[in-house]
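K.L.:
Sharing a structure below in structure tokens format, with a few things to ask.
Quick note: the coordinates plus some simple rules give every number you see, no bench work behind them. None of the values given here were measured: they were computed from a predicted structure. Cβ placement follows ideal geometry from the backbone for every residue including glycine, while neighbour counts extend to all protein chains displayed.
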Amino acid sequence: MIRVEDLSIPGLLHGISFKVAPGERLGIIGESGSGKSLTALSIMGLTDLPVSGSITVDGVQMIGSPDRVQRKVRGAKVGMVFQEPMTALDPLKKIGSLVPHELLEDVGVARPDAYPHQLSGGQRQRVLIALALSQNPDYLICDEPTTALDTTVQRQILDLIDRLVDERGMGLIFISHDLAVVDRMTEQLLILKDGREVSSHSEYAQQLERASRPGPPAALTVLGEPVVTLDGVSLRRGATQALDNVSLTVRHGERLGIVGGSGSGKTSLLHTIAGLLTPDSGTVTVGGTMQMVFQDPYSSLDPRMDVLRSVMEGGVDKQRASETLAEVGITDNRLPKAFSGGQRQRISIARAAASRPSILLADEPVSALDVSVREQVLALLDATVGPNTLIFVSHDLAVVREICPRIAVMHQGRIVEHGETEAIWRDPQHEYSQQLLDSVLDSVLGDEGSSEFIE
């Protein structure tokens, strides 16, 4: 049994207690920075902060024990799927050297000779799951395992975890900011706020539940002249055809959502518009100032630069940088490593938004945020973009519907459907668009919310 008693870290965690036996499933939910990941890292003995209380794994004390004792627990007794797969995998090692080939096949990754950067986000997450299971542990800790995944891949990953936990009789600790996912995957619930346990009947718990409901669809706006034009753009990345003869026009004032499965070409399209990738053929024309929110907040921030200077690096003064950080709920000026994954995402948004660009490119800007902070950040994006242009990539179709009145659906490097969001929602013309819609209804909203969402 994993038994946590009075777990405390000064200023961060305050008397957390719970237990998980093999075969049991515990969900931990709460806002970004509430202590969810810190609790998991404490169980693994992977934090150098001053931890007090007691954490035992099958009777082995993890707090205060030598590292040689803790190493016998990590992997062999408890496996962990980390929040950011790109930073958790060695970029210089092929995945086949990290995980046995038969286990890679079991999680649906058939590329043992690939390096992590050659895999999509969903594939990297599958590799992390295989790595966590490689020593056949008794317990599995999943820290936001579907945060940055589209709804189709999210459903596949959740099904995979569900199946493997059942087959192996493991105990599961599942950390997420997504109430629907936690409800599906677990039987018990621990709610954290500011490092403290909160009752499931509290006002805060009810607030989380209300915030998780889908908002109203975005209203159509009057559009101006074209500011981004792609004409016959193709791009090959290694053996993958990332973009295949893509043509797209985005007008001034437009808020366009780009949706599609993992590896469909969404991020490649955004990087091509930003000038970070050069197409093999076709033309890209951009008119106006442009900033970008990247998908992986940790790797996009300089680890040696405090967050205030990171925002100022975008061409704004100290006052504007401080104001924008405050608007996304960041008041401490520290290095990126001192913040949670969700907080780093907010910092990345602040850096891109501070200079008020005429075109804002956003690649999964709210993927790591809990539902309450998500609404705050979407409001910030709305205010920042104003009458200007937003190109918004997300795997969360409900969020895209809320902020973007027009969408483009990508599949295998092509735009397979493009038009008004509500029209596509009500009557998708392409089979893949219908598949995406089915996934969000089944995985995120459940049967009870499906008809209300469509209406």
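K.L.:
Could you tell me which of M410, N388, P279 has its Cα farthest along the dipole of the chain towards the positive end, charges placed at Cβ (Lys, Arg +1; Asp, Glu -1), taken about the Cα centre?
P.N.:
P279
K.L.:
Another question about this same structure. In whole Hz, what ³J(HN,Hα) sequence does region 38-50 give by Karplus (6.51, -1.76, 1.60; θ = phi - 60°), x for Gly and Pro?
P.N.:
So the J values, rounded to whole Hz, are 5, 4, 5, 5, 5, 4, 7, x, 10, 10, 9, 7, x.
K.L.:
Further question: Just the projected area, averaged over all directions, of the convex hull on the alpha carbon atoms of the chain: how many nm²?
P.N.:
20.9 nm²
K.L.:
To continue, here is another question. What's the magnitude of the charge dipole for region 2-206 around its Cα centre, counting Lys and Arg as +1 and Asp and Glu as -1 at the beta-carbon? Answer in Debye, nearest 20.
P.N.:
500 debye
K.L.:
Measure up K193/K266; K93/K337; K77/K193; K36/K94 against 26 Å on the Cα-Cα distance and list the ones that go over.
P.N.:
K193/K266; K77/K193; K36/K94
K.L.:
Could you size up the charge dipole of the chain around its Cα centre, putting +1 on the beta carbon of Lys and Arg and -1 on that of Asp and Glu, and report it in debye to the nearest 20?
P.N.:
1400 debye
K.L.:
Where in region 291-368 are there GluC sites (Glu not before Pro) that are in a DSSP coil and have at most 15 other Cβ atoms within 10 angstrom of their Cβ? Display every interim value, and only then the final one.
P.N.:
On the way: sites: E313, E323, E327; in loops: E313.
For GluC sites (Glu not before Pro) across region 291-368 that sit outside H, G, I, E and B with at most 15 neighbouring Cβ atoms in 10 Å, the list reads E313.
K.L.:
For the chain, which span is the longest to avoid every loop-located (per DSSP) member of trypsin sites (Lys or Arg not before Pro) having at most 13 other Cβ atoms inside 10 Å?
P.N.:
No qualifying site falls inside 94-303, the longest such stretch.
K.L.:
Putting +1 on Lys and Arg Cβ atoms and -1 on Asp and Glu Cβ atoms, find which of H252, S433, L7 reaches farthest to the positive end of the dipole of the chain.
P.N.:
Working it through, the farthest residue towards the positive pole turns out to be L7.
K.L.:
Would you be so kind as to identify which of Q70, G59, T87 lies farthest towards the positive end of the dipole of region 51-91, taking Lys and Arg as +1 and Asp and Glu as -1 on Cβ and the Cα centre as origin?
P.N.:
Value: G59.
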